[in-house]
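The values are calculated or read from the model by the stated rules, or taken from the named source; none is laboratory data. Worth saying up front: this structure is predicted, and the values here are computed from it rather than measured. Here the Cβ is made from the backbone with ideal geometry for all residues, glycine too, and neighbour counts use every protein chain on show. Heavy atoms of the whole protein, side chains included, go into the accessibility calculation; ligands, DNA and RNA do not. Shrake-Rupley method; radii C 1.70, N 1.55, O 1.52, S 1.80 Å.
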Amino acid sequence: MTGWIAYYSILRKDMRSYYLKPPNISWGLIFPLAWTLMFFVRSETDVDVRTLLPGVMALSILFGTTSMLAVTVTFEKRGRSFERLLLAPISLELLMWAKTSGAVFFGAVNAFVPVVLAAFLADLSGVIWWQLVLAVILVAVSSAFLGLLIAVCVKEVFEAQTFSNFFRFPMVFLCGLFFPIDQLPGLLQPLAYLLPLTYGADLLHEAVQSSGRFPVAVNLAALVTFCVLLFWVSLHRIRQSWIG
Amino acid sequence: MGDTMDAAIAAKRLTKYFHDVCAVDEVSFEVRDGEVFGFLGPNGAGKTTTINILTGLARPTSGSLCILGQEVTGNIKRAQHWMGIVPDESNLYPELDGRENLCFCASLYGMRWREREARARELLEQFGLTAVARRHFGAYSKGMKRKLTIAAGIIHRPRILFLDEPTTGIDVASAREIRRLLAELNQAGTTIFLTTHYIEEAERLCHRIAFLVDGRLVRVDTLGNLVRAVQDKHTVELSASGGLGEMRSLLRDAFPNEHFEEISDTRVLVRTDHPLPLAPLIRLLEQHGIQVTEARVIRPSLEDVFVQITGLELARMKNESSRS
Ligand SMILES: Nc1ncnc2c1ncn2[C@@H]1O[C@H](COP(=O)(O)OP(=O)(O)OP(=O)(O)O)[C@@H](O)[C@H]1O
Ligand SMILES: [Mg+2]
């Protein structure tokens, strides 16, 4: 019980202190909007909203989650308030899950902004909703854990942000959201399979347009594996270098 | 040494290396349940590192640790519920107000909403912070920050309270106030482990004091015993209304075995190797028409002890390293 009271309290504090601040809320709304508009403006032919939807959703989640961990973790570590959490009688697993839950929630909510927009522009009746929700949650969790790993590997907030971009931009282009993986240069193709977002994007494509390349089970298994791995490495890193 | 079973903290040969720097070197001590235990030492002695090891923010390179009778080496989480920690720098959340900070800290220890609200109110009252309860922590003065950090450390009623330099950088009145609060807490049964640079603080608060120099524990004892150990000389100060200056040679002739250190018109300082009988001295002065108004035994202070012990230790270590 101690654990869950602490969990809820940490999540609530992060929500109030970071996520529900006006700049973040507007960022969460403007960002997906901007991406959607960009794709509409760019394409000369009639765009199919449903073709674009998985990509815009994935970007919203990726950018919404990874950037927040630099604040909730690196920033608090810098200000030493993180020590308070490390000294609390709750397991490190639960603590880090509490610190990432806010980002997962924020990313997932961001993902549904373009869905709401798309609902006005296109017919979404063919969407497999349970798969979409599952995909959003898994992409959000794996992105949050990627953000966590970056956040625990650096000392300064700006380093966390720089590193996030170092991972995010290549990932967006390699994961098959905008260019199919088999059209990538041969050397880059194996790299695509090492990115969690590749499987997340595939799951989103499958859910929205039934156009996934891999079986759903493979995507789910790959995403879960990435989540476990990223979380485990992050925790290991904290144990090694933060509990000196 | 007491029985390990009823010790609040029992540390055995704790050692901590940061790469090749030895911050804590085979430190062993016991803190008894209900006592105030002071860790005294110069900058860089390893006090903060020791607290970090005891509370779980650092892992010892070697050594073992028992908290309230439980072996917690390598798994300190199970003892963290009993501990309250007040770090050397206030580390509460600047964007939350005083009450929110306290409630948040309480929730980390599993306290429910009603209970933590009530406890926060009680502590704000006790620490004189009720008027600023709704002010952001970031806007608190240093003294207020310190008090709220201590309040946050005890909100879950810990059995052992760790404080790292609780009064450093605080004005005299606030420091006194904090000491009073700590003494009250201790009377209510909380075991206190504190580090300090202030001899006076250790003297007022601590039942037992440990001296740490360069990562090594050089002495652990009660204040009385520590002082007695350096008291190899007895010093007595006599005061009179005047005329003592003229008695200089007379006194030295009459008491050839005593060492008269300072003689002014109104004051004389006598230092001896043995307890000094005062009656003959006072009688002699009275025979010469001098009224002795005060006789005072001067005891060495903890500061003398500190300088002597740490000074000796530093000198010894310098010798050792120059030899090797
Ligand atoms: N994280 C660290 N990495 C490397 N060295 C460290 C680290 N923490 C402490 N040290 C070293 O360990 C030694 C003891 O430091 P510590 O902070 O424990 O001293 P202290 O007694 O608390 O000093 P002060 O009175 O200045 O607070 C110092 O030499 C310090 O430089
Ligand atoms: Mg220190």
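Sort out which residues of segment B:206-215 are away from ligand 2 (no atom under 16 Å from the Cβ) and either open to solvent by 20 Å² or more (accessible area, probe 1.4 Å) or free of Cβ contacts under 8 Å to residues at least 12 places away in the same chain (or both), and write them in order of number. Before the answer, list the steps.
Going residue by residue through segment B:206-215, those that are away from ligand 2 (no atom under 16 Å from the Cβ) are B:206-209.
If the condition is that a residue be away from ligand 2 (no atom under 16 Å from the Cβ) and either open to solvent by 20 Å² or more (accessible area, probe 1.4 Å) or free of Cβ contacts under 8 Å to residues at least 12 places away in the same chain (or both), then B:His207 is the only one that fits.
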Inset, instruction - Note down all Cβ pairs under 6 Å where the first residue falls in segment B:134-162 and is free of Cβ contacts under 8 Å to residues at least 40 places away in the same chain, the second is of a type in the set (Phe, Trp, Tyr), and they're at least six residues apart or on different chains. - result: B:Lys147/B:Phe127
Inset, instruction - Sort out for me the strands (runs of 3 or more DSSP E) sitting completely within segment B:33-130 that have 1 or more residues that are at the interface with chain A (Cβ under 8 Å from one of its Cβ atoms) and within 24 Å of B:Gly189 (Cβ to Cβ). - result: B:83-86
Legend entry - Count - residues of segment B:3-32 that are away from ligand 1 (no atom under 14 Å from the Cβ), of a type in the set (Phe, Trp, Tyr) and either loosely packed, with under 14 Cβ neighbours inside 10 Å or not in a strand (DSSP E or B) (or both): 0
Inset, instruction - Considering only segment A:161-192, state which residues are over 20 Å from A:Ile61 (Cβ atoms) and not in a helix (DSSP H, G or I). - result: A:Pro180, A:Leu184, A:Pro185, A:Gly186, A:Leu187, A:Leu188
Inset, instruction - Tell me which of these A:Gly200 doesn't satisfy, since it passes every other one: (1) farther than 16 Å from A:Ser60 by Cβ; (2) open to solvent by less than 80 Å² (accessible area, probe 1.4 Å). - result: (1)
Inset, instruction - Within segment B:240-276, work out how many residues are in contact with a strand residue (DSSP E or B) (Cβ under 6 Å, 6 or more places away or on another chain), touching a residue at least 40 places away in the same chain (Cβ under 8 Å), open to solvent by less than 50 Å² (accessible area, probe 1.4 Å) and assigned to a loop (DSSP other than H, G, I, E, B). - result: 2
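Kindly provide the set of residues from segment B:131-145 that are in a helix (DSSP H, G or I) and either closer than 14 Å to A:Ile5 by Cα or within 14 Å of chain A (Cβ to nearest Cβ) (or both), ordered by number. Outline the logic, then answer.
In the first step, residues of segment B:131-145 are kept if they are in a helix (DSSP H, G or I); the result is B:131-132, B:137-139, B:142-145.
If the condition is that a residue be in a helix (DSSP H, G or I) and either closer than 14 Å to A:Ile5 by Cα or within 14 Å of chain A (Cβ to nearest Cβ) (or both), then B:Phe137, B:Gly138, B:Lys145 are the ones that fit.
Taking the stated definitions as given, is A:Ile150 within 14 Å of chain B (Cβ to nearest Cβ), open to solvent by less than 30 Å² (accessible area, probe 1.4 Å) and assigned to a helix (DSSP H, G or I)? I'd like the intermediate steps shown before the answer.
Details: within 14 Å of chain B (Cβ to nearest Cβ): no; open to solvent by less than 30 Å² (accessible area, probe 1.4 Å): yes; assigned to a helix (DSSP H, G or I): yes.
Against the criterion (within 14 Å of chain B (Cβ to nearest Cβ), open to solvent by less than 30 Å² (accessible area, probe 1.4 Å) and assigned to a helix (DSSP H, G or I)), A:Ile150 does not qualify.
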Legend entry - Selection count where residues are open to solvent by 30 Å² or more (accessible area, probe 1.4 Å) and more than 14 Å from every other protein chain (Cβ to nearest Cβ), scope segment A:75-112: 4
Legend entry - Sole exception among (1) away from every other protein chain (no Cβ under 14 Å); (2) away from ligand 1 (no atom under 16 Å from the Cβ); (3) within 14 Å of the chain's Cα centre (by Cα) for B:Thr168, by number: (2)
Legend entry - Top-ranked residue of segment A:1-23 - restricted to ones that are closer than 11 Å to A:Trp97 by Cβ and within 20 Å of the chain's Cα centre (by Cα), ranked as farthest from the other protein chains (Cβ to nearest Cβ): A:Leu11
Legend entry - Long-range neighbours under 6 Å by Cβ, at least six apart or interchain, first residue over 22 Å from B:His136 (Cβ atoms) within segment B:102-116, second assigned to a helix (DSSP H, G or I): B:Gly110/A:Thr2; B:Gly110/A:Ile5
Inset, instruction - Sort through B:Leu194, B:Leu163, B:Leu148 and tell me the only one that's surrounded by 17 or more Cβ atoms within 10 Å (Cβ to Cβ), within 14 Å of chain A (Cβ to nearest Cβ) and either among the small types (Gly, Ala, Ser) or within 16 Å of ligand 2 (Cβ to nearest atom) (or both). - result: B:Leu163
Legend entry - Enumeration of residues in segment A:200-244 that are in a helix (DSSP H, G or I) and within 14 Å of chain B (Cβ to nearest Cβ): A:Leu235, A:His236, A:Ile238, A:Arg239, A:Gln240, A:Ser241
Legend entry - Subset of segment B:39-81 (residues that are touching a residue at least 24 places away in the same chain (Cβ under 8 Å), crowded, with 19+ Cβ neighbours inside 10 Å and more than 16 Å from ligand 2 (Cβ to nearest atom)): B:Gly56, B:Pro60, B:Leu65, B:Cys66, B:Ile67, B:Gln80
